[in-house]
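Asks: Just dropping this structure here.
The values are calculated or read from the model by the stated rules, or taken from the named source; none is laboratory data. Computed from a predicted structure; not experimentally measured. Just the protein is used for accessible areas: all its heavy atoms, side chains included, with ligands, DNA and RNA removed. Shrake-Rupley method; radii C 1.70, N 1.55, O 1.52, S 1.80 Å.
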Amino acid sequence: MSAPRLTADRERCIGAGMCAMTAPDVFDQDPDEGLVLPLYGEPPADRLAAVRLAVGLCPSGALALRDAEPGASRGTL
């Protein structure tokens, strides 16, 4: 089973920072615009609980954690 993929829609992000506060080792914020900067395309397994929480807390719904599709490439964001 492959690791879940983390996606962040910077067009939808409002810069609330909930993700960076909830999982600071997975998310950062752009210093100029304050928008989300995911540090991983596939978050480490030991951080998935925090990532799921951050996804759920995102007020704009800009974050998603999806199961990788079979045969999909495994690049980073």
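Asks: Whole number in Å², please: accessible area per residue of the chain, 1.4 Å probe, ligands, DNA and RNA not counted.
Replies: Roughly 62 Å² per residue, with all protein chains present.
Asks: Out of all Cα-Cα pairs in the chain, roughly what percent, to the nearest whole number, are more than 19 Å apart?
Replies: 28
Asks: Skipping prolines and chain starts, which residues have an amide H placed within reach, meaning under 5 Å, of the one on Gln29, given they are 5 or more residues away or on another chain?
Replies: Leu37
Asks: Relative contact order, percent, of the chain when contacts are C-alpha pairs under 8 Å separated by at least 6 residues? It would help to have the intermediate numbers written out before the result.
Replies: Details: 127 pairs, mean separation 32.2, N = 77.
Once normalised by length, the contact order is 42 percent.
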